[in-house]
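Chemist: Dumping the structure here so I can ask a few things about it.
Every number in this text was worked out from the coordinates using simple rules, so none of it is lab data. As the structure is a computational prediction, the values presented were derived from the model and not from experiment. Positions of Cβ are backbone-derived with ideal geometry, glycine not excepted, and every protein chain shown enters the neighbour counts.
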Amino acid sequence: MQGWKRSHACGVLGLAQTEQEVTLTGWVARRRDHGGLIFVDLRDRTGIVQIVFTPDMPDNAFHKAEALRSEFVIAVKGKVSARPEGTVNPNLATGDIEVYCSALRLLNAAKTPPFYIADEVDVDESIRLKYRYLDLRRPEMQRNLVLRHRVTKAMRDFLDRHDFVEIETPIMTKSTPEGARDYLVPSRVNPGKFYALPQSPQIYKQLLMVAGLERYFQIARCFRDEDLRADRQPEFTQLDLEMSFVEREDIMEIMEDMIAYLFKEAIGLEVQRPFPRLTYGEAMDRFGSDKPDTRFAMELIDVSPALESCGFKVFQSVIAAGGRVKGINAKGCANMPRREIDGLVDLVATYGAKGLAWMQVTPEGVKSPITKFLSEGELQHILDRMEAAEGDLLLFVADIPAVVAASLGALRLELGRRLNLIDADKHNFLWVIDFPMFEYDGEEQRWVAMHHPFTSPQDDDIALLDSDPGQVKAKAYDMILNGTEIGGGSIRIYDRALQEKLFVTLGFSKEEAWNQFGHLMEAFEYGTPPHGGIAFGLDRLVMLMAKRGSIRDVIAFPKTQSATDVMAQAPSEVSPKQLRELHIKSEVVLKK
RNA sequence: GGCCCGGUGGUGUAGUGGUUAACAUGCCGCCCUGUCACGGCGGAGAUCGAGGGUUCAAGUCCCUUCCGGGUCGCCA
């Protein structure tokens, strides 16, 4: 800084500072050189202000300004002046004023950046990631990170007021079966043994409840070695919390409070409360999803009852085998070209649907490849059930319930997007409750926990654990915003015997269960309060607040889809010495 | 692991078998005292992701591979 001290941020200047001498610092966003007059847009974190240089200025400032280039770092002393009439720039927050430079210092020069530092630039994401420090100079990215800060700040404020204690739990912990693939860390001092990075602090936070902390939270980094998506990174952040002496309702109520507070504080949005609730069953039936986007209707309609004995063998046999025939009504799409319908067939096929039946409701009647197999009455029943009107396109999938839900749920979302039915300004929060405790894993031939194995079954269903695990409902709840799961949690098991029984239902032997989770079950025997909690995906939450399509835009240094950091070049090979010390031998099997 | 989209000067794109690969922007130089995506004139800048093949001829067609993105599986 060469002895200078910054007096103001660029973005705060306005007519109120007129005639003040200021010292500003920042980056050269643009230089407009008119020969005998130079304008420099000076950018710092807060915004942009115009600096004016003329040849009569002291400090040889004008000639120094001639040498300025994009992204040079400079300090400027000067006087704030109202702009001459006709030169006010209404597109700039500081556009009423400009700063007449009286002294200029070049703090650091810069190479020409590989892309413009501006919001509207459209640059390949791999270039942005390679030069992430330049990407993060863009005002939009800075807004995202600042928003993220505001959200976590508001979380801490709210939870502190509600007597939660922020506690850190280990990053190096124990690998456990169930759930996602673990990231492993070899132990140098324990040859052949590995730590695992936590998929979530689940067991530790339950142990904190046993310990009597009563209310815990943590803004916790979690790690899962699974394939990446727009909303999934191998390391991500959760707001993780747990409360003792509570029921489901207590947690849901305080979390609605918190979310409303976050949205008010961070983006000034008044959230409508209470949040609507859907049971898992209802969500799957009506929307084909356990995280329904309720910003538009187009609900799934079950037309099976009328088709049990219909002439269309595909429908009839699916129903006979216990499947369903359901449809959605794409209002006003009767004239969708055949080619586009074929595209929809491909779409549902990715979700396992073997076909997509369609009916165009035209002025000349219903056009469809399948009407010839249906009786007058069956067809009319379908049209009534679907509330079909002239101009509508009806789309049907017949399959086992899971495939019907997945394919029509995805089709509904796709059509909602294409038909512009989704109001981007809406914020539809809701809870999904009464999840099944288990789902059957055909590959492993056993029941697996839908939420996690520490979730309490609902009291009335405990008797079904042996006889009919598929019918057992869990004391679990997910918070959904606009079709994205932003949080999920449950009331936990706090009884050793019940926890042990649950592991047995999941196919563990008693020994395996104690080997893996013995410390939790032993703890349960020393006076464990009833407890439950929830975890929110911070990245997704901030992504939705920032109206971005990927959590990469709200993470400072994210990884690519192949889980690499293209800037730091991680992961990387390590020296043989490092491997030796860790008792590791790497045998990369190269494909021929 | 599967499917889909993309990879061409620094950046973003055009180029569907045939001259010297085009355009915009950025960059460099000169000119310019009210611009704000300043303007004018001139200039440099590309082994078309990589490898192989087909062809008289390949940015373009074929195969393999790498990289980025989306998605299914996967993600208690």
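Chemist: Under a point spin-label approximation (7 Å from Cα along Cα-to-Cβ), what is the A:Leu184-A:Ala110 distance to one decimal in nm?
Modeler: The two pseudo-label positions are separated by 4.5 nm.
Chemist: Further, regarding this structure: Which one of A:Val185, A:Ala410, A:Leu430 is farthest out on the positive end of the charge dipole of chain A, using unit charges on Cβ (Lys, Arg +1; Asp, Glu -1) and the Cα centre as origin?
Modeler: Among A:Val185, A:Ala410, A:Leu430, the one farthest towards the positive end of the dipole of chain A is A:Val185.
Chemist: Largest first and in whole Å, give the semi-axes of segment A:440-515's equivalent ellipsoid, each being the square root of 5 times a Cα gyration tensor eigenvalue.
Modeler: After diagonalising the Cα gyration tensor, the semi-axes are 23, 15, 13 Å.
Chemist: What does the highest-first list of A:520-527, A:460-467, A:448-455 look like by mean Cβ count within 10 Å?
Modeler: Most protected by this proxy first, the peptides run A:448-455, A:520-527, A:460-467.
Chemist: Something else about it: Could the peptides A:173-180, A:478-485 be put in order, highest first, of the mean number of other beta-carbon atoms found within 10 Å of their residues?
Modeler: The most tightly packed comes first, giving A:478-485, A:173-180.
Chemist: Here is a further query. For every other residue with a beta carbon closer than 14 angstrom to the beta carbon of A:Val542, add +1 if it is Lys or Arg and -1 if Asp or Glu, then tell me the sum.
Modeler: +3
Chemist: Still on this structure, please answer the following. Calculate the FRET efficiency for A:Asp59 and A:Leu145 from the Cβ-Cβ distance with a Förster distance of 30 Å, rounded to the nearest 0.05.
Modeler: Step by step, r from the Cβ atoms, then E = 0.25.
Chemist: Roughly how many Å is it from the Cα centre of segment A:326-365 to that of segment A:376-454, as a whole number?
Modeler: Comparing the Cα centres of segment A:326-365 and segment A:376-454, I get a distance of 15 Å.
Chemist: Please report how far the C-alpha centroid of segment A:89-105 lies from that of segment A:463-520, rounded to the nearest whole angstrom.
Modeler: 62
Chemist: Find which of A:Asn420, A:Gly470, A:His452 sits farthest along the positive direction of the dipole of segment A:417-473, computed with +1 on the beta-carbon of Lys and Arg, -1 on that of Asp and Glu, about the Cα centre.
Modeler: A:Asn420
Chemist: Here is a follow-up. What full-extension length gain, to one decimal in nm, is calculated for A:Val88 and A:Gln471 as 0.36 nm per residue of separation minus the Cα-Cα distance?
Modeler: Stretched out fully, the A:Val88 to A:Gln471 stretch lengthens by 131.0 nm.
Chemist: Report, in order of residue number, the helices in chain A meeting two criteria: a C-alpha extent of 15 Å or more along the helix axis, and a mean Kyte-Doolittle hydropathy of at least 0.0; treat each whole DSSP H run as one helix.
Modeler: A:248-267, A:338-349, A:401-418
Chemist: In Å, what is the Rg of the alpha-carbon atoms in chain A, and how long is Dmax?
Modeler: When restricted to the Cα atoms of chain A, Rg and Dmax are 30.1, 94 Å.
Chemist: Can you figure out the FRET efficiency of A:Arg338 with A:Trp4, using R₀ = 60 Å and their beta-carbon distance, to the nearest 0.05?
Modeler: For R0 = 60 Å, the calculated efficiency reads 0.30.
Chemist: So, one more: So how strong a dipole does segment A:359-401 carry about its Cα centre when Lys and Arg Cβ are +1 and Asp and Glu Cβ are -1, to the nearest 20 debye?
Modeler: It comes to approximately 140 debye.
Chemist: Can you tell me the Rg and Dmax of segment A:522-564, counting just the alpha carbons, in angstroms?
Modeler: Spelled out, the Cα radius of gyration and Dmax of segment A:522-564 are 17.8, 47 Å.
Chemist: So what does the Cα-only Debye profile of segment A:381-522 read at q = 0.09, 0.18, 0.21 Å⁻¹, as log10 I(q)/I(0), no solvent term?
Modeler: Taking Cα atoms of segment A:381-522 as identical point scatterers yields -0.43, -1.10, -1.29.
Chemist: What is the Cα centroid distance between segment A:237-301 and segment A:13-72, reported in whole angstrom?
Modeler: 49
Chemist: For segment A:137-273, rounded, prolate or oblate, judged on the Cα gyration tensor with a ≥ b ≥ c (square roots of eigenvalues), a/c < 1.5 rounded, else prolate if a/b > b/c?
Modeler: Because a/c hits 1.5 or more and a/b fails to exceed b/c, segment A:137-273 counts as oblate.
Chemist: By the gyration tensor of its Cα atoms, with a ≥ b ≥ c the square roots of the eigenvalues, what is the shape of segment A:360-422: rounded for a/c under 1.5, prolate for a/b over b/c, or oblate?
Modeler: Cα axes put segment A:360-422 in the oblate bin.
Chemist: Another question, then. I'd like to know which of A:Thr23, A:Ile97, A:Ile74 lies farthest towards the positive end of the charge dipole of segment A:12-111, counting +1 on Cβ of Lys and Arg and -1 on Cβ of Asp and Glu.
Modeler: A:Ile74
Chemist: Quote the charge dipole size of chain A about the Cα centre in Debye, to the nearest 20; the model charges only the Cβ of Lys and Arg (+1) and of Asp and Glu (-1).
Modeler: Once rounded to the nearest 20, the dipole reads 2500 debye.
Chemist: Only four residue types carry charge here, +1 at the Cβ of Lys and Arg and -1 at the Cβ of Asp and Glu. Report the dipole size of segment A:281-341 about the Cα centre in Debye, rounded to the nearest 20.
Modeler: So the magnitude is around 300 debye.
Chemist: Take the alpha carbon gyration tensor of segment A:449-592, find the square roots of its eigenvalues, order them as a ≥ b ≥ c, and report rounded if a/c is under 1.5; if not, report prolate when a/b exceeds b/c, else oblate.
Modeler: It is oblate, given that a/c is not under 1.5 and a/b is not larger than b/c.
Chemist: Can I ask one more? Could you state the per residue volume, in Å³, of the convex hull enclosing the Cα atoms of segment A:57-131?
Modeler: It is 125 Å³ per residue.
Chemist: Note the full-extension length gain between A:Asp257 and A:Asp423 as 0.36 nm times their separation in residues minus their Cα-Cα distance, in nm to one decimal.
Modeler: Length difference between fully extended and current span is 57.3 nm.
Chemist: Then there's this: Given only helices, namely DSSP H runs of n ≥ 4 each adding -39500 (n - 2.57), what is the per-residue ellipticity at 222 nm of chain A, to the nearest 500 deg cm²/dmol?
Modeler: Calculated from helices alone, the mean residue ellipticity at 222 nm is -8500 deg cm²/dmol.
Chemist: Apply the Kirkwood formula to segment A:250-361: the hydrodynamic radius equals the inverse of the mean of 1/r over all pairs of different alpha-carbon atoms; give it in Å with one decimal.
Modeler: After inverting the mean inverse Cα-Cα distance, the result is 17.5 Å.
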